[in-house]
1. Using the crude model of +1 on Lys and Arg Cβ and -1 on Asp and Glu Cβ, and no other charge, please compute the dipole size for the chain relative to its Cα centre, in debye to 20.
2. Give me the accessible area per residue for the chain, probe 1.4 Å, as a whole number in Å².
3. Can you give me the % of accessible surface on the chain that is carbon or sulfur? Probe 1.4 Å, all protein chains present, nothing else counted.
4. Among the trypsin sites (Lys or Arg not before Pro) within the chain, which fall in a DSSP loop and have no more than 13 other Cβ atoms within 10 Å of their own Cβ?
5. Counting Lys and Arg as +1 and Asp and Glu as -1, what is the net charge of the other residues whose Cβ lies under 13 Å from the Cβ of Asn36?
6. Per residue, how much space in cubic angstrom lies within the convex hull of the C-alpha atoms of the chain?
7. Work out the charge dipole of the chain with +1 on the Cβ of Lys and Arg and -1 on the Cβ of Asp and Glu about the Cα centre, then indicate which of Ser54, Leu3, Tyr26 is farthest towards its positive end.
8. Could you tell me the relative contact order of the chain? Use alpha-carbon pairs under 8 Å, at least six residues apart, and round to a whole percent.
Amino acid sequence: MKLKGFLISKGYTEIIHIADENTEYYLNSFSTSPENKKEVDSFVLDYITNHDLSDSIVLLQEKN
């Protein structure tokens, strides 16, 4: 929840979409401007590492 709040408060996105996979998995997605992509990628990866969330969060790459 805090990560989603930071993404919105830093202006990387205005809304985060949530899809329930089942009771164990939730898919959260958002879009950001191309200018922010590298900064957002770094922010999210650092956040996951700094908060020891690598066992809880899996990043999926967008299909082109």
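1. That gives the chain a dipole magnitude of about 220 debye.
2. On a per-residue basis, the chain sits at 89 Å².
3. Here carbon and sulfur together make up 51 percent of the probe-accessible area.
4. Sparse-neighbourhood loop trypsin sites (Lys or Arg not before Pro): Lys10, Lys63.
5. Spelling it out: positives minus negatives among the neighbours equals -1.
6. Once divided by residue count, the hull of the chain is 99 Å³.
7. Going by the charge dipole, the pick is Leu3.
8. Once normalised by length, the contact order is 22 percent.
The values are calculated or read from the model by the stated rules, or taken from the named source; none is laboratory data. Just so it is clear, the model here is predicted, and its values are computed rather than measured. Heads up, the Cβs are rebuilt from the backbone with ideal geometry, glycines too, and the neighbour counts pull from every protein chain shown. Each accessible area value is taken on the protein alone, full model and side chains, heavy atoms only, with ligands, DNA and RNA left out. Shrake-Rupley method; radii C 1.70, N 1.55, O 1.52, S 1.80 Å.
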